[in-house]
Amino acid sequence: MIDCGEGCQIRLNQYKVKKSKIDEIFISHFHGDHFFGLPGLITSFNLSSRTKSLRIYGPIGLKKFIGTLEEIGSFYLNFPLEIHELNPDISELIHKDENVEVSTLPLKHRIPTTGFLFREKEKPRKIDSTAIEKFKLSIPEIKQAKEGGDVLRHGDQRIPNVDITLTPKPRRAYAYCSDTIYDEELVDLISGTDLLYHEATYLHDMQDQARARGHATAREAAIIAKKSHAKRLLLGHFSSRYKDVSVFLNEALEVFPNCDLAQDGKTFKI
Ligand SMILES: [Zn+2]
Ligand SMILES: [Zn+2]
């Protein structure tokens with residue numbers, strides 16, 4: 001889960017997302033719209049008798065926040081909770097599991113803030129089924145090829161690994177950049193993502209106010225998408241002053257062709 005605003009549990013229930021599937025929570029910063037849902041969600045985990053561990057990554061102060069809630073008796077944890085406080089000034093690898101690696105993205109906002117880059121882990125090469133037939137590969141030879149080796153046969157015959165395996169699909173990547181001003185320093189860090197979520201709190205005629213409040217405009221989000229060669233841009237975090245959010249899409253489309261609006265309940269496949 002990335003950020004956990006007030007009302008997150010209502011949405012999880014509404015869209016039938018199982019809370020038990022959440023093992024990691026990444027909090028970008030300590031503005032209420034990004035973390036006020038956390039105490040309620042942790043309490044629900046306790047009530048549902050969770051026993052597996054939960055990892056929360058977030059700003060410095062997270063340990064104190066959770067510790068204070070425990071101390072004043074708001075909750076007692078039934079399950080192991082790992083808290084990782086993040087350095088907001090550098091980009092670093094903070095989490096990896098069998099599927100994905102997560103790195104931080106330093107963002108420029110009014111308080112220390114980090115975005116997150118999720119990159120799929122490199123997949124091993126797969127055996128080409130036609131090669132099994134063609135070279136009459138034995139089970140030990142297939143095993144050898146799966147581990148990345150060439151197949152060696154007597155008489156000095158060598159079948160190169162590339163001839164019997166298929167190149168895995170490119171690693172998919174998703175970048176989450178909220179909340180932030182327009183910041184070109186992000187461009188290299190998020191280069192070539194399949195999906196870039198970038199905040200767009202205002203339209204570009206309010207560029208000065210956006211910058212003063214630590215936010216970006218739809219046009220600026222689209223420029224970051226274009227410069228970083230993102231495949232697709234997702235806009236979000238719209239100011240409530242705009243009643244019709246399609247204006248954000250129209251502004252971004254002038255700069256970058258493949259944009260969508262992040263709206264409650266929508267799913268985007270990467
Ligand atoms: Zn904020
Ligand atoms: Zn915010």
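Here the convex hull built on the C-alpha positions of the chain has a volume of 176 cubic angstrom per residue.
Counting charges near residue 94 (Lys, Arg +1; Asp, Glu -1) among other residues having Cβ under 13 Å from its Cβ returns a value of -3. Just so you know, the averaged projected area of the alpha carbon convex hull for segment 13-131 sits at 10.5 nm².
Each Lys or Arg adds one and each Asp or Glu takes one away; over the other residues whose Cβ falls under 15 Å from the Cβ of residue 163, this sums to +3. Between residue 75 and residue 166, the contour length at 0.36 nm per residue exceeds the Cα-Cα span by 27.7 nm.
Label-to-label distance for residue 249 and residue 187 is 2.8 nm, based on points extended 7 Å past Cα in the beta-carbon direction. Hey, got a sec? Which GluC sites (Glu not before Pro) in segment 194-257 land in a DSSP loop and have at most 12 other Cβ atoms within 10 Å? Passing both the DSSP loop test and the Cβ count: 254. Here is the list for segment 31-124: chymotrypsin sites (Phe, Trp or Tyr not before Pro) lying in DSSP coil, each with at most 11 other C-beta atoms within 10 angstrom of its C-beta, are 76.
Taking the three principal axes of the alpha carbon atoms in segment 133-214, the coordinate ranges are 74, 20, 16 Å, sorted in descending order. The alpha-carbon of residue 134 sits under 25 angstrom from the alpha-carbons of these lysines, leaving out residues fewer than 8 places away in its chain: 123, 126, 143, 146, 169. Counting 0.36 nm for each residue step from residue 48 to residue 122 and taking away their Cα separation leaves a gain of 23.2 nm. One chain, two ends: residue 211 and residue 150. Fully extended at 0.36 nm per residue, the span grows by 16.4 nm beyond their Cα-Cα distance.
Distance between the modelled labels on residue 23 and residue 111, one decimal in nanometres: 3.0 nm (7 Å Cα→Cβ projection).
Every read-out reported here was derived from the displayed coordinates using simple, explicitly stated rules and does not represent laboratory data. Quick caveat, the model's predicted, so the values are computed rather than measured. Methodologically, a virtual Cβ is constructed for each residue, glycine included, from the backbone with ideal geometry; neighbour enumeration extends over all protein chains shown.
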